Every structure is written in structure tokens, then in C-alpha cells.
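The structure under discussion appears below in the form of C-alpha cells.
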Amino acid sequence: MHAPREQTYLSATVDIRSWLLTTDHKRIALLYFAGITFFFFIGGIAATLIRFELITPGPTLGSPDFYNRLFTMHGIIMVWFFLIPSIPTTMGNFILPMMIGARDLAFPRLNLASWYLYMSGGLITIAALLLGGLDTGWTFYEPYSTFYATGYVILAVFGIFVAGFSSILTGLNFIVTVHKLRAPGMTWYRLPVFVWSTYATSIILVLATPVLAMTLLMLLAERVLHVGIFSPQLGGDPILFQHMFWFYSHPAVYIMILPSMGVISEVVPVFSSKPLFGYYFVVWCSIAIAAIGFLVWGHHMFVAGQSLYASLAFSFLSYLVAVPSAIKVFNWIATMHEGWIRFDAPMLYAFGFIGLFTIGGLTGLMLAALAVDVHVTDTYFVVAHFHYIMVGGAVMGFFAGLHYWWPKISGRLYPDYWARFAAILAFFGFNLTFFPQFILGYLGMPRRYQSYPPEFQIWHVLSSAGASILAVGYALPIFYFAWSILRGPRASANPWGATGLEWTTRSPPPPENFAKTPTVVRPPYQYDRGKPCMQAGDVR
Amino acid sequence: MPAFPWWPPTASAYASQINFLFVSLLVIAGLTIGLVFYLLLFFANKYRHGSNADRSGTTKKTWRFEVSWTVATLLIFVGLAGWGADIYLKLYNPPADALQIFIVGKQWMWKAQHPGGQREINALHVPAGQDVRLVMASQDVIHSFFIPALRIKQDVVPGRYETMWFRADKVGRYHLFCAEYCGTDHAHMGGWITVMNPREYADWLQAQGGQQTLAAQGEQLFRRYGCSGCHEPGGTVRAPNLHGVFGGPVPLSDGSVVIADERYVRDSILDPKAQVAAGYAPVMPTFEGQVSEDDLAKLVAYIEFIGPTTSGGR
Amino acid sequence: MSDRALGFQYGTLAQQRETATLGMWAFLATEVLFFGALIAAYLNYRIWFGQEFIAAASLTKVVLGTANTAVLLTSSACMAMAVTTFDAGSKRAPVLWLSATGLLGLVFIVIKATEWWLEYQEHLVPALNFDLARHGGVAEIFFVFYFCATGLHALHLLIGISLVTWLAVRIGSGRLQPGGSTTRLIGLYWHFVDIVWIFLFPLIYLAGRNA
């Protein structure tokens, strides 16, 4: 089946120009993968230093100003240059066209432009950090960030502004691709859930990011021109900034989690050899999360001075938005019922995701309860909550997808023993890092504090110990993935026994993805007593 | 101090209600997580590849499961939202007879002014069993006044007054934190709330030394800033007499009516053209940039003092 | 956006055309949210500040603004004619109509620049020479919105003028043949820039002017 001399997208041309000027969605995905790995590393160093600093109640590493710049850097890099792009630009770019039977995205050159915008924005922000950084927090609240903060606010904000265009164009490309480039027979309800999830994510990317662009522009105008649009000196309203900022930033967290959920919806059926339970519900829950997610931003502002009636409405809607996520969790578990479950690395990460996302989501319900939120907002309770979702959820989903599609992308298999070990290590390290933070939060430990009352130290020490374990769990894949490229056994077209279109073509795929455009004859995830039924009609 | 602190002190009845709600949420979350973990582990074991469990495919009617767990989830969630909102609403209904203390947050300290003129920095002494109402302002950026033991927190936003009230029941010393990032020394902008039994509180007030009450200081400022020139009878410019105004309705020139609370007084001083009293010309100059937050608090206290006596200290 | 050559990711020219069209509509949706955020913030202050905001709005040059509205609406009509005549197979007519569109766009820019110049003379430019003592802080906030909104709109218009010029050259030189979507999509963009102005004009210039 696999002829070593045939061209793959990797071997077709090998010079640097063919990579930097490529319009092949698969190569662009790898370009993005290099970028997000680099930024994850930078954000991770910041996290390591933060956890190291917090081992002692007083200053450990440096001045308060140094610490403030550290957590700002960690937030900005991780949110905009790692989490938001992570799955859509790597797995979305690589796998989505193949999943729908297309030869590329709708606008390949726009795709490459998106990568350059992302890297430019990232490098501008890195420049701001190298020059000395900024200490506003990733949330840039006014009037601190415009009239009081020293540091490279303008440069960093500009970097984020540029990268925002990458988000918008990528989302646009995906939406148009899914509408227009589906293979014959690939109706909407035959699309894999990963496609639906990426589609829902793209709607958010396209509609929410421009609001961030305008908000950042107004922030820049204020800082550069020294006029108080949001500052009280001229009568401006600092809370208006918060409304505009969170109108984007809450949907942004759904940009970070929806693709991960899509990955889990792919992995669980394969490693249970069973169709996804409740396909239609899972699909429409993705759309519902995207839609309702635009209506809950005020839950970041319950103590900000927002009107009482607004707070009541936002609390109610925040409970509503949790319902579709809960439905998905039940559906994933129900998929496993009466399945043939295998525990390869992707499935271990999926198990981890389901457990940790559930914990994170339930603590979100606690935060949505107005009276409780008054106590725990702006404390480590919130920090723990969003790390459970972002790291325990989104990053675990990223690793699940990475380990699931690695054979397809690289054409090699990795050693499963080490992969499972890394997954388990990361799971335990993660919980040790972040569970104590829930306790710290209810105790009253505020966020963004370098120094803290000594009685809180024990929880911080445990948390930092967990972080060191988590770091090992994240570092291990570098080694065994590198090994797999150099010496790993070659992968067949469908090493996992999955059913999607991407598994009907070679690993790694040829430049044009499919020798012949496939014709889709059945829905996704069809298994007959544990045996996969391929989606396309003309595949052996 | 225990080696593993699990729980913050609970210093008020309101804090107890929060504890109860939080623990209930914890229990519900715990049961849900327990169910999820149990099912995951149970299925992982029973249906692992190679096991001889029965897989005859009895789960065909998917939509019944879907609808039932959707509806159940929805009902529980709406109930929880309501419960949280119900307790939250209590924060918005301060009692009429509260002891009013002015708080000013600035980089990087909290200043408190008691009605008798006593001042504190990074500390707040209050009597137990007494309603306390805080009127808070920021001199520069957004801060947040956070007392974990009372389970209350309020962002303090520059350009406006925010209020918060509580009734501490348990005597003791509790953390005060700033909970909204505000710059370099954000982590050091805190101190202690000391709740004392009423007799000790009275002694403490005495011990601060003789000073004028906040309202008396406010009266002096009222003259010094020239307010009395227009607002007292016999003034050259026709301006509303402020005696008996505080706490009552004020008709405005655009036809609407507002209640003269501390926000109204503050806004009238800093931005008089925004809300002009009906029947008066908009000639009052603005004092933006001239009056500090501390002085504003004293002026407000004075205007409140000369308000209608029947409504008490609002 | 070439009309003749078929991109390898497409099966038919019709699919390529439809894809490009959907792409342009999606892009315009992002622009709606972009300007929409600015307008939402503006409306927030308009409601909050009430009379003071409206008083500041009366300092804008409503005659020039109205003239500009007429100019832009006419340019949209010219653009629509360009698309129609191009689809009908003509070559000279669309080039003329496109030139008229671009020219009217430039007229808009010139009138706008004149307004800005006048506002500079009257000390109404925030951060440069705004007369705070005379007009007050609320008016400065109004003018920040004014310059941001009209500035961003003008930037989009300049991009539109460049696109229209490029299109005119391509059609005139014969390198662009009917049957594709390029002309129509540039027309969509132009109309969108016009619609943004139709929202900005009453919000900024006509506020409180019911005399």
C-alpha cells in the first residue's frame, strides 16, 4: 500500500523557499506548529518562574515589578500566541480539508498570509518583552494600563492587534471551506464533529476578534494621545473598557475549548470502536456554546460596578451556557458504553480531558453563583478554574489530537509506552499544581500577588511541586516525537482503525491529499460490531 | 495557625450563608465528578478491548437519554443561579441605620475616615453587631476592597463612588486585601480589619485623640472652597439651599428626578453641568482636580449632616 | 481573485466564484463587528452624557458632511453601473464608471480633509490642540470618537479607491474578462464602505439637530 518512492507533502520539495512560500495547508500547519511550540515554551518559562517565585511568601526571585511583568507575559503569550491558535491552526489546517475530502482550504494564499501575520504579531510582542516587558496583566484594565503603567504597553498591544488579523482570516478561511469545498456526498450531517467544532470556533473568531481589535485600538489611542476615552479625568468610563474587552475575551475562551472538544469527539469513538453517542446533540451543542458564549461576558464583572440587573442576567446566562458542555460530557461517556476500549495515548489524554474539564466546568458553576463569586473572584479560585479548563481541558485535548494524528502528519509511529507515561505524569502533575489553588482561593489569596500571608505557603509549595512534575510531562513528548521522526516505524494509512476520510489516504499524505476526490456514502463514526466502516465509498 | 489552613474565618451571618451555598455547590460538584469518574473507570474496565462484557447494543433510544439529562441539568442549574442571586441581592439592600465610613484607595494604601473624624491607613476598626456601610472612592486606578472573612469584595473605580455594607458578628482580626491589580505594590496594599465589641470600639474611638467630626471638617471646607458664598442664604448667586436636601428627591432641569445620595453630591461638585437642579441656571463651576477624595468625603458627610434629620445617617 | 484560472482546490469555476463571494461576505461581517464596537462605545457615551455630547456634535460641519454623503451615495451608484455594464460585456463603460467611482471617492477624501483642517483651526483636535477649557472634557471624548470613526472610514475608503483603480486598469487592459466575481466583490466592498458612512453620518452630524 505504501510505496516509499511516492511523493508526500513533506518530500515533494525540500528547499526553504518551498516552505516559507508554501500554500499547502499541511505545510502551513507545520509552520504554525513550530510557532506555537516556540510560544508555549516562552509562556512555560514564565510559568516556571512564577511558580518558583511563589514558593516563599516574600520575594524569591526579584522585585514586585519583575513578578508583575512575569505574569503579564505569561498571560499574553499563552492566551494569544498559544491557546487561541493551537488546535485550529495546526490540526484545523492539516486535518480539516482532508476530513471533508478537499484538496486544500478555500484560500491557500490567505492561509499563508495568516501565518505571517501571526508570526509578526508574536515577534513584535516578544520584542516588547525583551525590551523590558509590561506589567498591566493580560487584561489591560484602564486607567492603569494607559495612564499609570510604565513599560512597553504600546508595542505589546500592537503585537496582539496584528496577530488578531491572523485569527480573523483563519476563521474566515475555515468557514468558507466548510461551506464550499466538501466532497460529493459529504452533507452537513455527515461531517465529523471536529469539523463542526472548528466551524463553530471560526464563527467566534470572525465575529469576536474585530471587537478586540477596536478595543485595543481605543486603548492605543488613549495611551498614545493621552486622551481619556476610558479614564475618568475627562469623564470617561473605565467600566466601558471592561465591557468591550470581555465581549471578546469571553468568547475567546470558547475559541480555546471548542476545538479541543472536537478532538475528543474524534478520539473517543475510535478508541471505543463505537459510533459517537448522540451525534446531532453534540453538533448542535457546539453551535449553542458558540452562540450563548457571546452573551455571558459580564460574569467577569460581577464586582466591577456593573448594574445589578446586568449581573442577574449574566449569571443566569452563564448557567445556561454550561448545559451544552455538560451534554457533551454525558455523550462522550455514553459512547464508551458497550465499546471496545483501548488505552493508547490519545485515549488516555481524552480520559484526562473529560475528568479535568468536568471539574473545571463545575467550578465555573460556583463562580456563576453571584454571591459566591463576590468572595472568590480575583482570587486563586478563578486561576484554578480557568487552568482546569485551559490546561486540563484545552491543552490535554491538544495533546490528544497531536498523539492521534501524529502518524498521519509525520508518517511515523511513536513509542506508546513513553506517550502513556507522559500522559499519566501530566495528569498527576496538573492536579497537584492546580487543585491546591482552589483552596487558596476560598481562603482569600488574591491573584497577581508576589508576596502573600505566610499561612498560605503550604498550598503554594504543593502547587509548585506539581508544576515541576507537569513540566516533565510536557517535556517528554519532545523527545519521543523527535525519536519517532528519526527512527520510528512507518505508519500505515489507518493505524488506529478509524473511519474518517483523512485515514483513507497515505501517511504522510501526498501533496494533493487524495489521489482521487472521495465520494462520501455514510455518516462518520460507523462501526459494525467494533469494525470500522470507512466513510468513503471507493476505498478498499 | 493550623499547618493546612482549609477554611477562612467566618465573621458574619452573611459569611455563613455564603459558606452554606458554597458547600452545597461543592457537594453537587463532588457528586457529579464522582459520577463521571466512576462511569469512566467502570466503563474503562468493563468494556476494555478483549473483555467479554455484553455488548448487544441496548442503547438505541438516544434521544430519551439526551432530553432527560438535558432537562435535569437545566433545572438544577437554574435553581443554583436563583439561590446565588437571592443571597447576592442582600448585598444591595443596606439597612438605614448603618455606621458610615469613607474609604479611599490609592496606590498603594487604603485610607479610612470614620464619622467622628478618626483616620486609619491600611486598617479598619469596626464594632461587632453593627451595620457598617462603606462609601468608597479611588484616587487613581481601579482597586478592590476585599475582606475574605466577611466574604465581600467591591471594586473601587476612579471617578465614582461604590458602596458596600456588612455586619460583622465575630470579634477578631481579619485580612484586608486589594483584589484588583493596581501596579507595583498591589500585593502590599492591605492590612487588617479589626472587629471589636462595642465598648472597646468606643474606647478605641476615644483613644484616637480629639479631632473634629467628619461633618464638622466638611463644614469648614464648605466655607473654604467658597460653597457657602452661593449656597447659603444671602449669597449673591441664586443656588439651592442645601439644608434638608440629602436623602430626598431632587427634580432636575430635564424633568427627571434623582435621589440626593452621596453619588449625587459628589457628581454635583465634580461635574455640576451633568445634572442641574430644576429652576436654576447651570452656573456652578466644577471643582474637578481641586478637591481631593479625602475632602470630598468630608463635604459629603457635611451635606448629609445638614440633611433631613428624620432619615438618620443614610 | 483571478477569474479565468481555476484554483486546484476547486472543481468548477462556479464553485470558485461562489467561494470568493462567501469569503467577501464573511469579511464584511467582521467589518460590521469592527465598526459596530466603535459605534456601540459611542452610543454608550451618547446616552450617558446626553446634552453635553450632543452639544459637542453641533460643532461638526453638517453642510460638508451632507455633501459628502451625497458624493458617496453617487459613487455607489457609479459602482453599481460599473458592475452591470461589465457583466453585460462592455469594456469602455465599466472603466468610465469605475473612474467616476474612484474620483468621487477622492472628492470625499478632499472634503473630509477640509473638515479636519477646519476642525484643526477651531482647536477641536484631541491631543493636538483641543481647547479643553472652552469645550470641556466630554466634548474631547466626542472628538476622539469623531476622528477615530471618520479616520478609520477614510482609511477603508482609500483602500477601496486603490481597489477600484486597480480594477479599472485590469478591465481596461483586457486582462480581466466577465464571468468571474472580482468586479462584483469589489463592488460589495465599496457599498459596504458607503453603508458604514450612512450609519456614521446621522450619529455624528445629525445628533440633536432637529431645528
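Along region C:100-115 the Karplus relation, 6.51 cos²θ - 1.76 cosθ + 1.60 evaluated at θ = phi - 60°, assigns HN-Hα couplings of 4, 4, x, 5, 4, x, 5, 4, 4, 4, 5, 4, 4, 4, 4, 4 Hz to successive residues, with x for each Gly and Pro. Here the accessible area is traced with a 1.4 Å probe on the protein chains. For region B:1-155, carbon and sulfur cover 67 percent of it.
Sorting the segments B:159-166, A:470-477 by their residues' average number of neighbouring beta-carbon atoms within 10 angstrom, most packed first, yields B:159-166, A:470-477.
Comparing the full protein assembly with the isolated chain (1.4 Å probe, heavy atoms, ligands and nucleic acids excluded), the residues of region A:341-366 losing at least 50 square angstrom of accessible area are A:I341, A:L362, A:M366. Compared with the dominant Cα axis of chain B, that is its longest principal axis, helix B:293-305 is turned about 70°. Across peptide C:114-126, the mean count of Cβ atoms from other chains lying within 10 Å of each residue's own Cβ comes to 1. Using a probe of 1.4 Å on the protein chains alone, the accessible area found for C:R184 is around 110 Å². Peptide C:135-142 is shielded by partner chain Cβ atoms: per residue, an average of 5 of them sit within 10 Å of its Cβ.
Using a Gaussian network model of chain B in which every pair of alpha carbons under 10 angstrom is joined by a spring, one finds that among B:D54, B:D169, B:D267 the greatest mean-square fluctuation is at B:D54. Accessible surface buried at the B:A interface totals approximately 7200 Å², computed with a 1.4 Å probe on protein heavy atoms. Between B:G235, B:G210, B:G34, the Gaussian network model of chain B with springs among Cα atoms under 10 angstrom shows the greatest mean-square fluctuation at B:G34.
Considered as an equivalent ellipsoid built on the Cα gyration tensor, region B:214-305 has semi-axes of 19, 15, 13 Å, the largest given first. As a fraction of the 1.4 Å probe accessible area of region A:18-532, surface on carbon and sulfur atoms comes out at 73 percent.
Relative to the longest principal axis of chain C, what angle (0 to 90°, nearest 10) does the C-alpha long axis of helix C:137-172 take? The angle comes out at about 20 degrees. Convex hull volume of the Cα atoms of chain C, normalised per residue: 127 Å³. Can you tell me how the protein assembly as shown classifies by the Cα gyration tensor, rounded, prolate or oblate, using a/c under 1.5 as the rounded cut? Judged from the Cα gyration tensor, the protein assembly as shown comes out oblate (a/c at least 1.5, b/c at or above a/b).
Counting Cα-Cα pairs of region B:111-237 in 10 Å increments starting at 0 gives whole-percent bin shares of 12, 35, 30, 16, 6, 0. Between the amide H of B:V245 and any residue lying 5 or more places away or on another chain, no distance stays under 5 Å, with hydrogens modeled in the peptide plane. The residues of region A:18-532 present an accessible area of 27 Å² per residue when probed at 1.4 Å with all protein chains retained. Taking the accessible area of region C:47-181, probe 1.4 Å, and keeping the other protein chains in place, the carbon and sulfur fraction comes to 70%. When chain B is modelled as a GNM with alpha-carbon springs shorter than 10 Å, which of B:H125, B:H188, B:H49 fluctuates the most? Maximum fluctuation in the GNM of chain B, among the listed residues, is at B:H49. A 1.4 Å probe over all protein chains sorts B:S268, A:S249, A:S307 by accessible area into A:S307, B:S268, A:S249, starting with the largest. Could you tell me what % of all Cα pairs in chain A have separations over 30 Å? Here the long-distance tail beyond 30 Å is 48 percent of all Cα pairs in chain A. Taking 22 Å as the limit for the C-alpha separation, the pairs A:K26/A:K180; B:K111/B:K273; B:K90/B:K298 exceed it in the case of B:K111/B:K273; B:K90/B:K298. The listed residues C:E52, C:E31, once ranked by accessible area (1.4 Å probe) with the largest placed first, stand as C:E52, C:E31.
Only alpha carbons enter this Debye calculation for chain B, each as an equal point scatterer, and the log10 of I(q)/I(0) it gives at q = 0.11 Å⁻¹ is -0.81. Rounded to the nearest Å, what's the spacing between the alpha carbon centres of region A:327-372 and region B:111-126? Just the number, please. So the two Cα centres are separated by 49 Å. For chain A, the 222 nm mean residue ellipticity estimated from helices alone, with every DSSP H stretch of n ≥ 4 adding -39500 (n - 2.57) and the total spread over all residues, rounds to -21000 deg cm²/dmol.
For region A:408-418, the Karplus equation 6.51 cos²θ - 1.76 cosθ + 1.60, evaluated at θ = phi - 60°, returns couplings of 5, 6, 9, x, 10, 9, 10, x, 5, 4, 5 Hz by residue, with Gly and Pro reported as x.
Taken residue by residue and averaged, Cβ atoms of other chains lying within 10 Å of the Cβ of B:40-48 number 6. Please list, in order, the residues from region C:117-142 whose amide nitrogen is less than 17 Å from a point placed 7 Å along the Cα→Cβ vector of A:I154. From region C:117-142, the list is C:126-129. The H on the amide N of B:V250, modeled in the peptide plane, is under 5 Å from the matching H of B:V258, B:I259, B:A260, each at least 5 residues off or on a different chain. Accessible surface computed residue by residue for chain C, with neighbouring protein chains in place and a 1.4 Å probe, gives 44 Å² per residue.
How far is helix B:13-46 tilted off the main Cα axis of chain B, in degrees rounded to 10, range 0 to 90? Taking Cα atoms only, the helix is inclined about 20 degrees. The 3J(HN,Hα) values that the Karplus relation (6.51, -1.76, 1.60; θ = phi - 60°) gives for region B:228-233 are, in residue order, 5, x, 9, 8, 9, x Hz. Gly and Pro appear as x. Over the protein assembly as shown, what is the percentage of antiparallel beta bridges among all DSSP beta bridges, to the nearest 5? Antiparallel bridges: around 75 percent, rounded to the nearest 5.
When the residues C:H153, A:H243, B:H243 are ordered by accessible surface, computed with a 1.4 Å probe over the protein chains alone, the sequence from largest down reads B:H243, A:H243, C:H153. Under 5 Å between amide hydrogens, built in the peptide plane, is the criterion, and for B:I152 it picks out B:I147 among residues at least 5 positions away or on other chains. Take the accessible area of C alone and of A alone, subtract that of the pair with a 1.4 Å probe, and the total buried over both chains is about 2800 Å².
The values are calculated or read from the model by the stated rules, or taken from the named source; none is laboratory data. In this text, all values refer to a predicted model and were calculated from it rather than measured experimentally. So basically every Cβ, Gly included, is an ideal-geometry build from the backbone, and we count neighbours across all protein chains shown. All accessible areas refer to the heavy atoms of the entire protein, side chains included, with ligands and DNA or RNA removed. Shrake-Rupley method; radii C 1.70, N 1.55, O 1.52, S 1.80 Å.
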